[in-house]
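Q: Handing you a structure now.
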Amino acid sequence: MILPIYIYGQPVLRKVAEDIDPENYPRLKELIEDMFETMHNADGVGLAAPQVGLKDRIFVVDLTVLAEDDPEFEGFKKVFINAHILERTGDIELIDEGCLSLPGIHEKVPRENRIRIQYLDENLQPHEEEFEGFKARAIQHEYDHLDGILFVDRITPLRKRLIKGKLSNLTKGKIDCHYKVKTLLPGSSNRHS
Ligand code: NI
């Protein structure tokens, strides 16, 4: 089932998400399926639970669409439950990012290019793994959502000032994208609202 994606301005995007008790979490499988479906429908490569209105420490990443250009991403479709980054190391890289909760905005974001993270996978198996490069970046972007952080919080004050108008339009529901969204105020230009 495709879920509406919560847009910048929605308070849930600013909450710190909490670990779930997987044994007592009904419909976890369905939620994960819905998150992948919602993400693919919106042409995204990652989606975190707060983006569908939930304060749970769950996110999904699917970079397989990039495998055509780079075999490193072959089969990289992963679920991260109760994720906690243990370490961020390596060089800081500045790379363009976007976010399904901030349609129409793309900015260069500085991030460490290597991380170590612990999480449960979709079968509730525990992992502690290192990731680097774009994988580490995609994971950090989604992980930020679990801490109520958005990529525009990590850009320079100047860039932030330059996109102020765009951000305020998002909170007002003035938005143009092809997927189903939930804005803070009822929108005018979204064809789904
Ligand atoms: Ni995002």
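The values are calculated or read from the model by the stated rules, or taken from the named source; none is laboratory data. Values in this document were obtained by computation on a predicted structure and should not be read as measured data. Cβ coordinates were reconstructed from backbone atoms using ideal geometry, including for glycine residues, and neighbour counts include every protein chain displayed. Surface areas here come from the heavy atoms of the whole protein model, side chains and all, with no ligands, DNA or RNA. Shrake-Rupley method; radii C 1.70, N 1.55, O 1.52, S 1.80 Å.
Q: Whenever you get a sec, compute what percent of the accessible area on the chain sits on carbon and sulfur atoms (1.4 Å probe).
A: 49
Q: Taking 8 Å as the Cα distance limit and 6 or more residues as the minimum spacing, I'd like the relative contact order of the stretch 1-121 as a percentage.
A: 24
Q: Per residue, how much accessible surface does the chain expose to a 1.4 Å probe? Answer in Å², no decimals.
A: Per residue, the chain has 51 Å² of solvent-accessible surface.
Q: Show me the chymotrypsin sites (Phe, Trp or Tyr not before Pro) within the stretch 8-70 that DSSP assigns to loop and that have at most 11 other Cβ atoms within 10 Å of their Cβ.
A: Counting only loop positions with at most 11 other Cβ atoms within 10 Å, none of the chymotrypsin sites (Phe, Trp or Tyr not before Pro) in the stretch 8-70 qualifies.
Q: Another question, if that's okay. Within 10 Å, at most 14 other Cβ atoms, and a DSSP state outside H, G, I, E, B define an exposed site. Report the longest part of the chain free of exposed GluC sites (Glu not before Pro).
A: After excluding every exposed loop site, the longest remaining stretch is 75-193.
Q: Run the reach check for LYS77 against lysines, Cα to Cα strictly under 18 Å, same-chain hits fewer than 8 apart removed. What comes back?
A: LYS29, LYS135
Q: Post the alpha-carbon centroid distance, the stretch 103-129 to the stretch 38-52, in whole angstrom.
A: Result: 14 Å between the Cα centres.
Q: Under a Cβ-Cβ cut-off of 10 Å, what is the net charge of the residues other than GLY133 that fall near it, where Lys and Arg count +1 and Asp and Glu count -1?
A: Once positives and negatives cancel, what remains is -1.
Q: I've got another one for you. Determine ³J(HN,Hα), in whole Hz, for all residues of the stretch 50-66 in sequence, where each value follows from phi through the Karplus function 6.51 cos²θ - 1.76 cosθ + 1.60 and θ = phi - 60°; x replaces Gly and Pro.
A: Once θ is set to phi - 60°, the couplings for the stretch 50-66 become x, 6, 10, x, 10, 8, 10, 7, 9, 8, 10, 9, 9, 9, 5, 5, 8 Hz.
Q: Also: Using 10 Å bins from zero, what percent of all Cα-Cα pairs in the chain falls into each bin?
A: 9, 36, 38, 16, 1
Q: Students often check this: by mean Cβ neighbours within 10 Å, which of 41-53, 155-167 ranks highest, and how do the rest follow?
A: 41-53, 155-167
Q: Skipping prolines and chain starts, which residues have an amide H placed within reach, meaning under 5 Å, of the one on ASP56, given they are 5 or more residues away or on another chain?
A: The list, which skips near neighbours in sequence, is GLU18.
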